[in-house]
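Data block below; observations after.
Rule-based calculations on the coordinates, nothing more; no lab input. All of these numbers come straight from a predicted model, not from anything done at the bench. Here the Cβ positions follow ideal geometry from the backbone for every residue, glycine too, while neighbour counts run over all protein chains shown.
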Amino acid sequence: MRISQTQQLLSKVQLGLPITFGEQARLALLLAFPAIISQLVTIVMEYVDTAMVGHLGAEASASIGLVSTTTWLMGGLCSSLAGGFAVMVAQSIGARNIIKAKQILKKAIVFTLVVSTIIGFIGVVISPYLPYWLGGGDDIVANASIYFLVFAASIPVWEINFLMASMLRSAGNMIMPSVVNMVACVLDVVFNYFFIFVLNKGVLGAALGTLFAIGISAIVLTIYVIFFSKELRLFRSESTDDIEHYEIITPAMEIGLPMSIQHIAICSAHIVSTLIVAPLGTVAIAAHAFGITIEGLCYMPGYGIGDAATTLIGQSIGAKRRDMQKSFSLITMLLGMGFMSFMGIMMYIGVEPLMKWMTPDVSVQALTTRCLRIEAFAQPMYAASIVAYAIFVGAGDTKVPVAMNLFSMWVVRLPAACLLAAKMGLVGVWIAMCAELCFRGIIFILRLSKKLYYE
């Protein structure tokens, strides 16, 4: 069987063989590039989805925007559940302990499905009341409720999709989850068009289209991991004595629980931001939702590079390669900041024509453009915080970085947003966001420098 260049370079890391700086940079790019492309395709398809809903009117966009922070909360819990197990798999594979990696996967499947089912059930129960709690008006609460209901019911599907993709990435396979994600994005657009316009289901159609696409993605990834993944396949794998449940669940929760707490606290902060924006009116809610979606074009590639960083750091630590941990931290940090700086420039230039394509509402176009041109200046430091956090996750170091994120969001951003919203409206909220992201990037750079070079 032909071994890919990525696998060859990862083997050098795992076996303690010499690896040049150029090879390290190439490995980082080989892992990051598929993830970056996947994230960019995801955002483009989200643009198309948003444009489809946008053509239903500002009320439809606002109804989804109202509950979007809560869907992020639940989606973040899913990714956090998977994250702790994925870090353990990366470190096990770095130590060339494939048997342990497979045992971690088996425990992870059962545990995450049980927990995600409970989370989804809670979401279904609160779906009729959530839009009212978030301050939605009578013109949008019905659509917001039905959209959230469908999303909550599909949480176990999202969880298995997150888990299988993160397991493959931890094993160094970035291509398969990226390709499946890109196909799912295309299917999402196809299904959304069918449900929204052909069957005339409106906002409900947007929720159903996404559910069908993610369902297919989850099925494909699960089949690939169990039957075909070289490192992780469970079908006809070696028969071994099972590791005790607590030996896997406990360390996974030590890594993943702080991440879950962070997602709850940060997404709760986003919900508070929604409460700050909601009284500003339907145009402000719609512009805020459009702005968050479009900004993803800049920061989602940062998360793609972060995925590569987590894999590289996790495997380096598993292989006991401190030298590689330092090099890969520097390489991925510079790559993330450079890429997101470029994307910030592109966003500043291109946001106005993009908004004209996404919605016919002139007032929403103008307000979103103003906000995003402010946010463009935060992208380099935002990249620093994203990649540095991913580096810490790969090392299993989540408690202090989580506290840093929470302090930045709750102590810096929200008070500033509340004060500036009263004087400047939605523009003030986005000025607060920009300032906070710059502050967050600085403190993450300082901590990463201390961990790598002074300890």
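3J(HN,Hα) couplings calculated from phi for the stretch 325-335 with the Karplus curve 6.51 cos²θ - 1.76 cosθ + 1.60 (θ = phi - 60°) are, in sequence order, 4, 5, 5, 5, 4, 5, 4, 5, 5, 5, 4 Hz; Gly and Pro show x.
About its Cα centre, the chain has a charge dipole of approximately 1200 debye under the convention of +1 per Lys or Arg Cβ and -1 per Asp or Glu Cβ, with nothing else charged. Give me the angle, in degrees from 0 to 90, between the Cα long axis of helix 5-15 and the longest principal axis of the Cα atoms of the chain, rounded to the nearest 10. It is inclined by approximately 60 degrees.
Helix 379-394 axis versus longest C-alpha principal axis of the chain: approximately 40°, rounded to the nearest ten.
For the stretch 21-30, putting each phi into the Karplus relation 6.51 cos²θ - 1.76 cosθ + 1.60 with θ = phi - 60° gives couplings of 4, x, 5, 5, 4, 5, 5, 4, 5, 4 Hz, in residue order, rounded to whole numbers and with x for Gly and Pro.
Here's the picture: charge each Lys and Arg Cβ at +1 and each Asp and Glu Cβ at -1 in the chain, and of 6, 186, 79 the one pushed furthest to the positive end of that dipole is 6. Karplus-derived 3J(HN,Hα) values for the stretch 65-71, using 6.51 cos²θ - 1.76 cosθ + 1.60 with θ = phi - 60°, are x, 4, 9, 4, 5, 6, 5 Hz; glycine and proline are entered as x. The angle between the Cα long axis of helix 362-375 and the longest principal axis of the Cα atoms of the chain comes to about 40 degrees, rounded to the nearest 10. Annotation for residue 121 and residue 356: the two label points, set 7 Å from Cα along the Cα-Cβ direction, are 5.3 nm apart.
A crude spin-label estimate for the pair residue 186 and residue 452, with each label 7 Å from Cα along the Cβ direction, gives 3.7 nm. In the structure shown, the pairs 230/320; 399/450; 12/326; 100/399; 102/451 are assessed against 27 Å; a Cα-Cα span above that value is assigned to 102/451. Put simply, when 105-111, 65-71 are sorted by average Cβ atoms within 10 angstrom per residue, most first, you get 65-71, 105-111.
On average, how much area does the Cα convex hull of the stretch 145-236 cover when viewed from any direction, in nm²? Walk me through the intermediate numbers first.
Details: hull surface 24.0 nm².
With every direction weighted equally, the projected area is 6.0 nm².
Compared with the direct C-alpha span, the chain from residue 113 to residue 366 gains 86.8 nm at full extension, assuming 0.36 nm per residue. Along the axis of the charge dipole computed for the chain (Cβ charges of +1 for Lys and Arg, -1 for Asp and Glu, origin at the Cα centre), the listed residues 31, 429, 110 are led at the positive end by 31. Full extension of the chain between residue 227 and residue 400 yields a length gain of 58.5 nm, computed as 0.36 nm times the residue separation minus the alpha carbon distance.
Dipole check for the stretch 284-408: with +1 at the C-beta of Lys and Arg, -1 at the C-beta of Asp and Glu, and the Cα centre as origin, the magnitude is about 360 Debye. Dividing the mean sequence gap of close Cα pairs (under 8 Å, 6+ apart) by how many residues the stretch 123-219 holds gives a relative contact order of 30 percent.
Working from Cα pairs under 8 Å separated by at least six residues, relative contact order for the chain is 23 percent.
By the compact-protein rule of thumb, 2.2 N^0.38 Å, the alpha-carbon radius of gyration of the stretch 305-455 corresponds to a ratio of 1.20. Its Kirkwood hydrodynamic radius, worked out from the mean inverse distance over all distinct Cα pairs, puts the stretch 5-453 at 22.1 Å.
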